[in-house]
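Student: One structure follows; several queries about it will come next.
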Amino acid sequence: MRPRGGTAAHVNLARRMPPQRFAPPSEVPGLAARRIAADIVDGVLHKHRTLDDQLDGAGAHPGLKSLADRDRALMRRLVATVLRRLGTLGHVLSRLLDKGIPSEAPRAQSALLVGAAQILWMDVPDHAAVDLSVRLVQSDRRAARYAGLVNAVLRRCAREGKALVEEVADKSLDVPPWLLARWTAHYGEATAADMVRALGHEPSLDLTVKSEPAQWANRMHGEVLPTGTVRTLLHGSVTMLPGFAEGQWWVQDAAAALPARLFGDVAGKAIADLCAAPGGKTAQLAHAGALVTAVDRSPARVARLRENLARLSLQAQTVVADAVEWPGPAEGFDGILVDAPCTSTGTIRRHPDVAWLRQESDLAALSALQQRLLRKSVSLLRPGGMLVYCTCSLEPEEGEQAVAALLSAEPDMRRVPIAASEVAGLAEIVTRDGDLRTLPCHLPHADPRLGGLDGFYAARLVKS
């Protein structure tokens, strides 16, 4: 039987196809990048491993060490495109397959996804996308006999695929149904659709610069956003860009750069940054003159934070501890920033694996953790101290509802509304209650790659 279209078809295929690594590829240009891309896509869909885990650190794919920078960039874009367009790819492939992908061909699905993504959305000649996907299948002994199937399906995709994409252009297939239902209920159908469209585009590179944003925008061939962030398109490795080695800037989404500014003048104030790694907000606070204590439970992430601060020539005290259990200093803090662990649904454009790794059931445990962090933060604040709570989530349980629950439980805490003038006059990102709420569809641009923001929530509270 022909499988049904859309995300459900893809998920069903993924469940019945166990992952298996390719045999080492022959020396065909571009094949290694595609093999590793397929491995990493399998890691997300079958092993529930994050992209960060597979691309960096001890768990990184071993083949990455031998990839040239150009091939590494191609691999990353391949993976991101497959995951960003997974629902639409499921629809297209289900329409082109008469009987579905045989369960005994564990690599055929990956080869089809990688090949179709190149044909439909990447600047790769169709014949190259088809040929290399066929080679991927041929390099796997269990899938080799299906090389003809992969060849035929991808050739049809080259002829018919774009029309099949247009069939579902307004269907919002590229986020899981549970997320789309939530966003539609909370933000309205039109805004939810705008959000999904924004998530379909490759994101920009956002930089927080120490000074002279206009000069850095000119050097990076980018532009300065109203908030002061420098936005450009990445070509090559971040570490090779001007100013990186000199510590003149750090990578930080424009929305993520807003919460730390809500403290106002922090010069000389004692500020705790809980759940601080990788350290973008710590760097902002330290650069503004705060005496920062950066706390994170992960030794590896704190080590990365220290490396980042050293490159930036910025100072902060770092603590490896679970913030909920950390006693903190007896004298308390003038301010506390809580960038709480969350579902991260606001970062799907930059981290498209989040859409397929998170489940609605994750919300309960994360919301409980957020409440523990908030209560702990209140206990660490001095009277008159300020608490800025933020999450990179679009879910109200992790934003508006979390703060409402804290205010109900802690009568000593009150909200300090954020004014539009504090966020570059962007009134659309300030809620009726005076909180910050950015959406992926905010800051539209003629070039969609230069538009949009991560989905972020932030509230500012003070202890009486």
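Student: Kindly list the residues of the stretch 362-405 that lie in the label zone of ARG432, defined by a backbone N under 19 Å from the point 7 Å along the Cα-to-C-beta vector.
Tutor: Backbone N within reach: 395-405.
Student: How are the Cα pair distances of the stretch 205-463 distributed, in percent, across 10 Å bins from 0?
Tutor: Result returned by the calculation: 7, 31, 39, 20, 3, 0.
Student: Given contacts defined as C-alpha pairs under 8 Å and at least six residues apart, what's the relative contact order of the stretch 205-463, whole-number percent?
Tutor: Numbers: 517 pairs, mean separation 44.0, N = 259.
Relative contact order here is 17 percent.
Student: Now for a different question. If I take every Cα pair under 8 Å that is 6 or more residues apart in the chain, average their sequence separation and divide by the length, what percent do I get for the relative contact order? Can you show the working numbers first?
Tutor: On the way: 846 pairs, mean separation 60.2, N = 464.
With pairs under 8 Å counted, the relative contact order is 13 percent.
Student: Kindly express, to the nearest 10 degrees and within the range 0 to 90, the angle between helix 299-312's C-alpha long axis and the longest C-alpha principal axis of the chain.
Tutor: Computed tilt is about 70 degrees.
Student: Just report the Cα centroid separation between the stretch 148-203 and the stretch 327-363, whole Å.
Tutor: Answer, in whole Å: 27.
Student: Another question about this same structure. Quote the charge dipole size of the stretch 263-404 about the Cα centre in Debye, to the nearest 20; the model charges only the Cβ of Lys and Arg (+1) and of Asp and Glu (-1).
Tutor: On the way: 14 positive and 16 negative charges, 82 e Å.
Roughly 400 debye for the stretch 263-404.
Student: Still on this model: How many nm is it between the label spots at ASP56 and SER361, if each spot is 7 Å from the Cα in line with the beta carbon?
Tutor: About 3.0 nm, to one decimal.
Student: Grab the beta carbon distance between ARG372 and ARG49, set R0 = 35 Å, and tell me the FRET efficiency rounded to 0.05.
Tutor: Numbers: r = 27 Å, r/R0 = 0.77.
Computed FRET efficiency for ARG372 and ARG49 comes out at 0.85.
Student: Looking at this model, which pairs from LYS65/LYS376; LYS47/LYS210; LYS99/LYS162; LYS65/LYS281; LYS47/LYS99 are more than 32 angstrom apart at the alpha-carbon? Don't skip to the answer; put the middle values down first.
Tutor: On the way: LYS65/LYS376 42 Å; LYS47/LYS210 40 Å; LYS99/LYS162 21 Å; LYS65/LYS281 30 Å; LYS47/LYS99 25 Å.
Exceeds cut-off: LYS65/LYS376; LYS47/LYS210.
Student: Where in the stretch 435-459 does the label zone of HIS221 land, with the point 7 angstrom along Cα→C-beta and an amide N cut-off under 15 Å?
Tutor: 450
Student: Restricting to bridges with both residues inside the chain, how much of the DSSP beta-bridge set is antiparallel, in percent to the nearest 5? Mind dumping the intermediate values first?
Tutor: Working: 21 of 40 bridges.
If we restrict to bridges inside the chain, about 50 percent are antiparallel.
Student: A further question on this structure: With each label point set 7 Å from Cα along the Cα-Cβ vector, what nm distance links TRP178 and VAL28?
Tutor: 3.8 nm
Student: Can I ask one more? Separation between the GLU422 and ASP447 pseudo-spin-labels, each 7 Å from Cα along Cα→Cβ, expressed in nm?
Tutor: Rounded to a tenth, the inter-label distance reads 3.3 nm.
Student: Then there is this: Using a 10 Å cut-off on Cβ atoms, rank the peptides 140-148, 91-99 from the highest mean neighbour count down. Each step should come with its number before you reach the end.
Tutor: Working: 140-148: 17.0, 91-99: 20.0.
Highest to lowest by the protection proxy: 91-99, 140-148.
Student: Run the dipole for the chain about the Cα centre, Lys and Arg Cβ at +1, Asp and Glu Cβ at -1, nothing else charged, and hand back the magnitude in debye, nearest 20. Could the numbers behind the result be given before it?
Tutor: Numbers: 55 positive and 51 negative charges, 285 e Å.
The calculated dipole for the chain is roughly 1360 debye.
Student: Of GLN252, TYR457, SER361, which is farthest along the charge dipole of the chain in the positive direction, counting Lys and Arg as +1 and Asp and Glu as -1 at C-beta?
Tutor: In the chain, that residue is SER361.
Student: Among all the aspartates and glutamates, which ones have a C-alpha under 15 Å from LYS269's C-alpha, if same-chain residues fewer than 8 places away are not counted?
Tutor: List returned: GLU331, ASP334.
All of the numbers you see were taken from the coordinates with simple rules; none came from a lab. Computed from a predicted model, the values in this text were never measured in an experiment. Counting neighbours? That spans all protein chains shown, and the Cβs are built from the backbone with ideal geometry, glycine included.
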